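What follows is a short report on a single structure.
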Amino acid sequence: MSLPVVNNKKILGAFSLAMIAVVAIIDLRGLPMMASYGLGAIFVYGLAMVLFLIPSGLVCAELATNIQKPGGMYAWICDSFGDNVGFIAIWLEWLNNVIGFPASLSFICVTLMYLFDPGLAQNKALVFTATVCILWVTTGFILLGMKASSRLNMSGALFGTIVPALIITVLGFSWVLLGKPVQIALNWHHVIPTMQASNPGIFATLILGFGGMQIIAFHTANARNPGRDYPRAIFAAVAIIFGIALCTSMAVALVVPSHDLDIISGLINSFQRIFTAFSMSWATPLVVVLIVFSSLATFDAWFLGPARGLVVAAQNGFFPRIFSYCNRQDMPAAILLLQAVSCTILSAVFLYMPDLTSGFWILLNLSSQSALMVYMLIFAAAIKQRLLRTENLSHAYYIPGGKLGVWIVAGTGFVTCAMALLCSVIPPTNINTGNFWHYEAILFGSNAIFISIPLAIIYYYSRRRRLEHAVAT
């Protein structure tokens, strides 16, 4: 077994980094849920952008250019709060993705099944089997190296996300220009949505629909000029992400009735209805393939990024040494295989929940809760770093407004995440999550287990290091 090889190939510029962020954050799966707000999607997206997307982008730009160390956000939090808190953060970041991967893969499977028979998408055993197969094939592809992975990210963003988004936007707004009946009220007083009982429970998901800007910081070793390219990539990604999210949601809302918008199959139904309305049914399979391609690229970006952070944690002694192993392509092979095994086990949730939608939601919500805790630490790290910093680096980006500016920007993000975390424990009324107490037991029980694991690891390795030091002295 070889130790990790430091790969100094500088192959990622501003455009490549921006595309990694775009493909990691933009998720067309959220279109049906956002389209159900109608014209209110303008307000909801605008609020999410101001309260979360812009703060997270500014904070990540400052931290990434000031702390250019392997491990990305793991290094940021270690520098701010110590190695133990840093390990808890990278564990939660990694866990957030491991929990979310089965949901992402199930979406890919359901989307593919629509090409053959929509009825197959309700077969839980078939979805589970297909999910596991795609998981292991994709893991094998990632092990080929960063070059292949970055190409998949760029092509997935361009052809799998941007192209379908442009198609749906053009057709949706053409529908209005042609005088066809629209499915939402086009009055300005509908821009402020009605806060229904189901909304608090999905607030975390809405906010985290713009989460993931920290993903590019995991690739510091492969960035050509992080100080220059990170801010450019982040600001370009913010503009692209917000534009795509808003335009596509509005386009779907104009054409598709809200009762046909389902969080798993609603996206394909939306495309199908729009293409049928324009006598373009032949285009549905093509767009399905593009969406699957985009989803695979998103999966690739998240499967690799946090794994690299966990490798650094393993090198720092928080994990068995075997998990610091990287292959000849500098891919964290041991962590990737651990992820694949964990995702295989978690995918079994689809076999035991009342239906696919409820299983999808449970995984999505657990993933969101872990992510929100990580973001709270990232925002807190930005404030701590600015308070500790004694000199400014010439190559780094800084949030405008000095220390007050950082408190306002990072504080806004922190409070938003805290509110979203509180809202995430409320079960949505429009999804069958089963018995209320059973649902809460799953959420709180799972999180208790998730957080106790890194605490137990910290205790074990701290105790072992103390014993080794005592023996040495």
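The values are calculated or read from the model by the stated rules, or taken from the named source; none is laboratory data. Note that the structure is predicted; figures quoted are calculated from it, not measured. In this analysis, Cβ positions are derived from the backbone assuming ideal geometry, glycine residues included, and neighbour counts consider all displayed protein chains.
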Checklist entry - Considering only helices (runs of 4 or more DSSP H) fully contained in region 107-178, which possess at least 3 residues that are among the small types (Gly, Ala, Ser) and either crowded, with 19+ Cβ neighbours inside 10 Å or modelled with pLDDT of 85 or more (or both)? => result 163-177
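Restricted to region 242-266, and to residues that are in a helix (DSSP H, G or I) and more than 14 Å from residue 169 (Cβ to Cβ), which residue is modelled with the lowest pLDDT? Let's see the steps before the verdict.
Initially, region 242-266 is screened for residues in a helix (DSSP H, G or I), giving 242-255, 258-260, 266.
With more than 14 Å from residue 169 (Cβ to Cβ) added as a condition, the list becomes 258-260, 266.
Numbers: 258: 68, 259: 66, 260: 64, 266: 60.
Per the criteria, the residue is 266.
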Checklist outcome for this item: Scanning region 278-299 for residues that are closer than 30 Å to residue 69 by Cβ and either of a type in the set (Gly, Ala, Ser) or within 11 Å of the chain's Cα centre (by Cα) (or both) gives 297, 298, 299
Checklist entry - Taking the condition in contact (Cβ under 8 Å) with a residue 40 or more places away in the chain and among the aliphatic types (A, V, I, L, M), does residue 130 pass? => result no
Checklist entry - Among the residues of region 49-62, how many are in contact with a Gly (Cβ under 9 Å, 6 or more places away or on another chain) and within 14 Å of residue 374 (Cβ to Cβ)? => result 3
